[in-house]
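Shown next, in structure tokens, is the structure this report addresses.
The values are calculated or read from the model by the stated rules, or taken from the named source; none is laboratory data. None of the values given here were measured: they were computed from a predicted structure. Cβ sites come from the backbone with ideal geometry, for glycine too, and all protein chains shown count toward neighbours.
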Number of protein chains: 2
Amino acid sequence: MRLTRAAEYAIRCVLYLSQQARGALVSRQEIARQADIPPHFLAKIAQDLAKAGVIEIRQGVRGGFVLNRHPAAINLLEVVETMIGEIYLNDCVVRPLGCKDSSNCAVHQVWLQARDQLRASLRQVNFEQLTGTSCLSPSVVPPAPEAPEMTTSNCSEGQ
Amino acid sequence: MRLTRAAEYAIRCVLYLSQQARGALVSRQEIARQADIPPHFLAKIAQDLAKAGVIEIRQGVRGGFVLNRHPAAINLLEVVETMIGEIYLNDCVVRPLGCKDSSNCAVHQVWLQARDQLRASLRQVNFEQLTGTSCLSPSVVPPAPEAPEMTTSNCSEGQ
DNA sequence: GACAAAGAGGACTTATTTTGTCTTAAATAT
DNA sequence: ATATTTAAGACAAAATAAGTCCTCTTTGTC
């Protein structure tokens with residue numbers, strides 16, 4: 001019942017890109033370092049994000065990732081579902097054939113509605129909104145101010 | 001991001017008991033058979049449900065499980081969280097220490113709200129409401145009418 | 001054109017969680 | 001007493017998630 005790391009990392013990656021100058025190209029290494037994502041894992045995640053049209057990948061010597069759209073045009077649900085597929089909370093929802101008559105099954109209905117509600121919530125939030133005050137905000141993460149307690153603590157993480 | 005089988009089974013178990021006469025004692029074997037739950041797995045699940053005060057377990061020759069409260073007094077959230085612990089959708093929510101200032105982190109807030117919404121939805125539903133028309137309803141599951149297509153198809157399952 | 005830097009793509013490994021089984025012990029009705 | 005039924009917990013298998021590695025391709029620079 002938890003978000004996967006891959007989805008977490010994807011959020012952080014897009015968030016970091018959203019905080020850069022519009023159209024800025026950022027290397028994988030930089031993002032990996034700043035957002036605390038295993039570099040090779042980030043490579044995979046980026047590929048998925050690129051397929052979904054969220055970012056553009058530039059190969060070659062001065063390669064890296066660029067945000068493909070304005071942060072306001074990317075919502076949280078899209079990034080999450082790019083990584084984990086369409087959200088569904090139990091099998092009954094995704095395989096209605098298991099129910100003889102899903103539309104009449106009360107249990108089914110509850111989960112279906114909960115899922116829709118969750119998806120709607122995430123869809124409402126875009127990355128422009130998130131850039132304001134996130135734990136990855138420019139004022140918080142960069143090189144390292146004076147390391148008050150924890151060194152690489154980002155939000156949407158915790159450990 | 002999915003409900004575990006254990007939680008699914010717990011829902012089916014409580015649902016089945018809710019559909020019996022008030023205070024009826026049902027053997028583990030019967031529940032396992034009717035609700036299509038691996039018998040030994042059901043034993044563990046029942047223990048958790050008993051600890052949570054949802055059911056009572058009677059040992060010995062004519063042993064089995066009894067619903068401890070009226071179905072209207074048991075909500076879906078309680079059964080689910082008995083099995084999987086308190087719902088949280090990402091680590092940031094449960095470990096706010098990972099954020100330097102969680103209350104200001106926009107990402108954190110979104111997930112927190114989504115979680116609360118989900119929990120509220122599940123809390124609103126009790127098992128009296130669910131007994132009406134579920135795929136485990138008495139008219140659907142019992143011995144086996146004439147087996148139209150699928151033999152053991154319950155709701156809140158699918159495969 | 002050759003070289004070096006950076007990402008693509010996929011195979012592979014490890015870790016973690018979930019699911020399920022089995023075995024021995026305890027309770028209880030008859 | 002005995003047979004039945006669950007308790008409790010160790011153990012095994014399977015599934016999923018997380019992470020790493022290796023080879024290939026792309027592209028800027030000299």
Can you tell me which of (1) crowded, with 19+ Cβ neighbours inside 10 Å; (2) of a type in the set (A, V, I, L, M, F, W, C); (3) in a helix (DSSP H, G or I) is the one B:Phe41 doesn't meet? (1)
Condition first: at pLDDT 95 or above, part of a loop (DSSP other than H, G, I, E, B) and over 17 Å from the mean Cα position of the chain (by Cα). Can you find one or more residues in segment A:27-36 that meet it? yes
Looking at (1) modelled with pLDDT under 95; (2) crowded, with 16+ Cβ neighbours inside 10 Å; (3) more than 16 Å from DNA strand C (Cβ to nearest atom), find the lone condition where B:Leu89 falls short. (3)
Test of understanding: among B:Arg123, B:Arg69, which residue is out of contact with any helix residue (DSSP H, G or I) (no Cβ under 6 Å at 6 or more places or on another chain), at pLDDT 95 or above and within 26 Å of B:Ala43 (Cα to Cα)? B:Arg69
Give the residue that is farthest from A:Ala7 (Cα to Cα), with candidates limited to residues of segment A:58-70 that are surrounded by fewer than 19 Cβ atoms within 10 Å (Cβ to Cβ) and in contact (Cβ under 8 Å) with a residue 24 or more places away in the chain. A:Arg62
How many residues of segment A:1-36 are touching a residue at least 60 places away in the same chain (Cβ under 8 Å), of a type in the set (A, V, I, L, M) and either away from DNA strand D (no atom under 13 Å from the Cβ) or in contact with an Asp or Glu (Cβ under 6 Å, 6 or more places away or on another chain) (or both)? The answer is 2
Going by the conditions given, is A:Leu49 part of a helix (DSSP H, G or I) and within 11 Å of DNA strand D (Cβ to nearest atom)? no
Scan of segment B:30-84 for residues that are of a type in the set (Val, Ile, Thr), more than 11 Å from DNA strand C (Cβ to nearest atom) and away from chain A (no Cβ under 14 Å), ordered by number: B:Ile31, B:Val54, B:Ile55, B:Val66
Residue list for segment A:113-128, filter: of a type in the set (D, E, K, R) and within 17 Å of B:Ala120 (Cα to Cα): A:Arg115, A:Asp116, A:Arg119
